[in-house]
1. Being touching a residue at least 40 places away in the same chain (Cβ under 8 Å) and charged (D, E, K, R) is the filter; apply it to segment 13-29 and report the residue that is most open to solvent (accessible area, probe 1.4 Å).
2. Just to check your reading of the model, which residue among Leu88, Leu43 is open to solvent by less than 70 Å² (accessible area, probe 1.4 Å) and aliphatic (A, V, I, L, M)?
3. Which one of these does Ala38 not meet: (1) open to solvent by 10 Å² or more (accessible area, probe 1.4 Å); (2) of a type in the set (A, V, I, L, M); (3) in contact (Cβ under 8 Å) with a residue 40 or more places away in the chain?
4. Looking at the structure I just gave you, is Gln56 open to solvent by 60 Å² or more (accessible area, probe 1.4 Å) and among the polar types (S, T, N, Q)?
5. Met1 fails exactly one of the following numbered conditions: (1) within 22 Å of Phe113 (Cα to Cα); (2) open to solvent by 50 Å² or more (accessible area, probe 1.4 Å); (3) modelled with pLDDT of 95 or more. What is the number of that condition?
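The values are calculated or read from the model by the stated rules, or taken from the named source; none is laboratory data. Predicted, not measured: the structure shown is a model, and the values here were computed from it. Here the Cβ is made from the backbone with ideal geometry for all residues, glycine too, and neighbour counts use every protein chain on show. Just the protein is used for accessible areas: all its heavy atoms, side chains included, with ligands, DNA and RNA removed. Shrake-Rupley method; radii C 1.70, N 1.55, O 1.52, S 1.80 Å.
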Amino acid sequence: MIVFTNGCFDVLHRGHVEYLEASKRLGSRLVIGLNSDASVRRLKPDRPINSQGDRQAVLLALRCVDEVLIFDEDTPYQLIQKLRPDILTKGGDYRIHQVVGSDLVKQTIIIPFWDGHSSTRIINALARNS
């Protein structure tokens with residue numbers, strides 16, 4: 001079974017890793033839809049910190065990740081439509097009806113956040129300490 005998730009994954013942290021490992025346990029193959037640099041800039045004007053190529057390389061270095069596909073649109077809907085995964089996962093700040101592409105998959109699963117970890121928090125801490 002193919003599991004799909006998506007995001008910017010700009011400053012990778014333990015919360016991301018826990019989330020991706022939990023996603024992988026739901027199937028045999030984990031595919032990540034990675035927002036392109038242009039797509040990230042439209043969502044978060046002060047980002048990305050790391051380029052799409054660097055973000056892709058770091059994600060592919062994780063044992064739980066099988067494939068990383070970069071998309072340039074605002075949402076991964078077209079990518080999900082093309083890939084047709086069995087399961088779609090998103091982080092704990094989403095509700096199933098908010099998950100883009102949930103209408104295209106057999107199952108959508110919300111995975112709780114790993115408390116105390118966020119890219120924004122890390123970036124803000126670095127800015128305060130510089």
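1. Here is the first cut: in segment 13-29, the ones touching a residue at least 40 places away in the same chain (Cβ under 8 Å) are 13-24, 26-27.
Then keep just the ones that are charged (D, E, K, R); that gives 14, 18, 21, 24.
Numbers: Arg14: 128, Glu18: 54, Glu21: 68, Lys24: 45 Å².
Restricting to residues being touching a residue at least 40 places away in the same chain (Cβ under 8 Å) and charged (D, E, K, R), the top hit is Arg14.
2. Working: Leu43 fails: open to solvent by less than 70 Å² (accessible area, probe 1.4 Å).
Unique residue meeting the criteria: Leu88.
3. Ala38 satisfies all of (1) open to solvent by 10 Å² or more (accessible area, probe 1.4 Å); (2) of a type in the set (A, V, I, L, M); (3) in contact (Cβ under 8 Å) with a residue 40 or more places away in the chain except (3).
4. The answer is no for Gln56.
5. (1)
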